[in-house]
Structure formats: C-alpha cells, structure tokens
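Comments concern the structure below.
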Amino acid sequence: MSELSRGVRLGVDVGQVRVGVARCDPHGILATPLVTLARDLTAEPDAVPADMAELVRLAAEHEAVGIVVGLPVNLAGKHGPAALNVSAYASRLADVMRPIPVTLTDERMSTVVASRRLAERGVRGKRQRAVVDQAAAVEILQSWLDAQRRRTQ
C-alpha cells in the first residue's frame, strides 16, 4: 500500500440543518475544527446550494486535495434514511467539487463521541450545539486519517 498523499483534506459532517467542517494539516496528522455552515435546503434543483458553494470556496482557500464526508451507518452496519440523505449530498458535492475527490467514510457515533468530549471539557447546552458539528467533522476526519495511516504501515 502506498503512503497517504500529502495535502490538506476537509472533513464534513452533514446534518439536517448544519454542516460541520474540519481540516487537517498538509501532512495528514491532525484534524482541527474549521466552521459550521447552515444547510441550504432552498436552492433550486439546478443551482448549487450555498453550503456546497462555501465548501468549494473553503477547498480552494485551503488548497484541499480531498473531501471526507461522514456516512452515518447505523450500529447494525445498515444504511438508514440518514445514510441515504448523506450519500445523496456527497454525490451532489462530488459533482460540484470535481476534480477534488469526495470520499464517504463510516462515521458511526462521531456526533455522540464529539458531544461527550465537549461535555468533558465543560462545553454544554447552547455553546455545545454551536460547535458539535465541527467537533463531529474533526472526529470523522481524524478517524479517516488514522485508518489511512494504519493501512500504509
């Protein structure tokens, strides 16, 4: 297996209302929170939703070489309605991101883990809701990076 290519990647946690975004360093070692975007559910079918347009802008700004989107597989490993919704989002995102690849990765429990870690740090309530999507995006991207590293060792 080859080494993970150098470059910044964006991690994306797609929710019904918000999209959490994280980024990693060019060496692919550490994921950090970047921003939370409001999900644009009002865009015409042939228009690029505002949240995706902002992801394109962020990818250009950070010179991203890839986008990692968390796929919410249920605990039994099945794809429920949330996974189908995210798959459709990722497919549309891949179209607007081209030629930057968009990868889906299993994100079971990322929001739960992110919420728990924030609570352990004393971030609760409204403050937690404001950053939990970014924290979930960090969990998604970091676990993907760690898995890539394990595969190349």
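The values are calculated or read from the model by the stated rules, or taken from the named source; none is laboratory data. If you're wondering where the values come from, they're calculated on a predicted model, not measured in any experiment. These area figures cover heavy atoms from the full protein model, side chains too; ligands, DNA and RNA do not enter into them. Shrake-Rupley method; radii C 1.70, N 1.55, O 1.52, S 1.80 Å.
Taking a ≥ b ≥ c as the square roots of the Cα gyration tensor eigenvalues, the stretch 7-150 comes out rounded, since a/c falls below 1.5. Taking amide H as placed 1.01 Å from N in the peptide plane, the amide H of Glu107 sits under 5 Å from that of Leu71, Val73, each at least 5 places away or on another chain. Across the stretch 28-42, rounded Karplus estimates of 3J(HN,Hα) from the backbone phi angles (6.51 cos²θ - 1.76 cosθ + 1.60, θ = phi - 60°) give x, 9, 10, 8, 10, x, 10, 6, 10, 10, 6, 6, 8, 9, 9 Hz, Gly and Pro being marked x. Accessible area per residue for the stretch 7-150 is 51 Å², calculated with a 1.4 Å probe on protein heavy atoms, without ligands, DNA or RNA. Using 0.36 nm per residue and subtracting the Cα-Cα separation, the extra length available between Ala119 and Asn85 on full extension is 9.5 nm.
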